[in-house]
Each structure stands twice: as C-alpha cells, then as structure tokens.
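Notes for the one structure printed next.
Derivation of every value follows stated rules applied to the coordinates shown; laboratory data play no part. Worth saying up front: this structure is predicted, and the values here are computed from it rather than measured. Cβ coordinates were reconstructed from backbone atoms using ideal geometry, including for glycine residues, and neighbour counts include every protein chain displayed.
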Amino acid sequence: MDPSPDADDAALFAARLFPRRSFTPAAARRLLAATFVASALFSLPFYLAGAWPIVGFLGLDVALLGLAFRMSFRAARAYEDYRLTYLELEFARVSARGARREWRFNPAWVTLERGETGPMAERLALRSRGRRHEIATFLGPDEKAAFAGDLTRALVEARRGRRRSEEFRTPPAV
C-alpha cells in the first residue's frame, strides 16, 4: 500500500468526449466541390439563355452549404473532460470558442442520473448538493450507456476508498 498523498490523486477514470461528425473535412470539401461543379453545369444553359439570375441563386446554395460545413466543424471543437480520483470528480466543459467551465464534486456525494427521453435516447446528469449538470449531450444512446457504466463503476470504487479498494485487489499474504 502506498501511503503517499499522491496515491489519492491518481485517476480512477479519465475521459475526453468530443462530438462526432459524419463527414471529415476532406469529405466535406469533396462534396462541396462536386456540388459546385453540378451547380455550374446546371446553371450554364440558363446563363446562355439569358436567365443569368439563376446562376446567382445556385451559387448561393453552394455558399450556404459551405457555411453550414464550416459552422459544423467549428462546433465540433467543443469537448468535455472528466477526471475522477478518490478525492474528487472534476468535470470541465470547453466550448467551441475555447471557453472553459469547471465543476468539482466530492465522489461520495455525487450521483449519476439516467433519464429516458424517448425510445432510444438517454439523458445523463451529475447531481450533487442540489445542483444538476447534464453531461455527454452529444453522444448517441449506446455511447451514453457505455460511458455511464464506466463512470458508475469508477464512482463506486472512489466511494469505497483507496485503502478498501486495494484490500479487495491485493491477494492475502500466505
């Protein structure tokens, strides 16, 4: 058994959650290029027939699609950090702009709430001392269930305490 104070600071659970995107930036550029080519080919006969305003509207569609991809990838820079030790659960939410908010909880007093919002959706929240913080909002139902299971097991171990957890892991001396 390690009596040093740093042993209590060792992470039982650590995770960084990112929002998932179905397109990579390269795939988005390819789709945008293909949309531009299709739009240009489609608008060429209208331009030659003298209906030139249609070219602008089709170009606007391509520009708005590019803007939507840019906003989506900017929003994907957000993430959540979790770090659990025997003494503290630290939860940090970092926005897409880089603004960081942190919350710290005593593992003995924090609970992980699970709530059903639909047939497949699940909501997760940390509750402690009357405060409730919804977490992992951008994960899918299966990912939330796996994350909740891992965090719940780590919280149980943290509540058990370092010395008590080591007793269960260490085989008895013969």
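Below is a table of values for the structure above.
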| item | result |
| --- | --- |
| Entry for Rg/Rh (Cα atoms, Kirkwood Rh) (calculated from the structure that is shown) out of (1) 0.96; (2) 1.24; (3) 1.00 | (2) |
| Peptides ranked, highest mean first, by Cβ atoms within 10 Å: ranges 134-141, 109-116, 46-53 | 134-141, 109-116, 46-53 |
| Sequence-separation-based contact order of the chain, relative, with Cα cut under 8 Å and 6+ spacing, percent | 21 percent |
| FRET efficiency, residue 145 to residue 70 (Cβ-Cβ, R0 35 Å, nearest 0.05) | 0.60 |
| Gaussian network model of the chain, springs between alpha carbon atoms under 10 Å - residue of 32, 17, 151 with greatest fluctuation | 32 |
| For residue 71, net neighbour charge (Lys/Arg +1, Asp/Glu -1) across residues whose Cβ lies under 12 Å away | +4 |
| Simple spin-label estimate for residue 79 and residue 48 in nanometres, 7 Å along Cα-Cβ | 5.1 nm |
| Test item: Cα-centred dipole of the chain, Lys/Arg +1 and Asp/Glu -1 on Cβ, debye | 400 debye |
| Per-pair calculated FRET efficiency, R0 = 41 Å: residue 27 and residue 90 via Cβ, rounded to 0.05 | 0.70 |
| Mean shadow area of segment 25-75 over all directions, Cα convex hull, nm² | 3.1 nm² |
| R0 of 35 Å, Cβ-Cβ distance residue 116-residue 16: FRET efficiency to nearest 0.05 | 0.85 |
| Relative contact order, percent, segment 25-75 [alpha-carbon distance under 8 Å, six or more residues apart] | 38 percent |
| The chain: DSSP helices with Cα axial extent of at least 24 Å and average Kyte-Doolittle hydropathy no lower than 0.0 | 25-48, 53-75 |
| Top positive-direction residue, dipole computed over the chain with Cβ charges, set 25, 52, 99 | 52 |
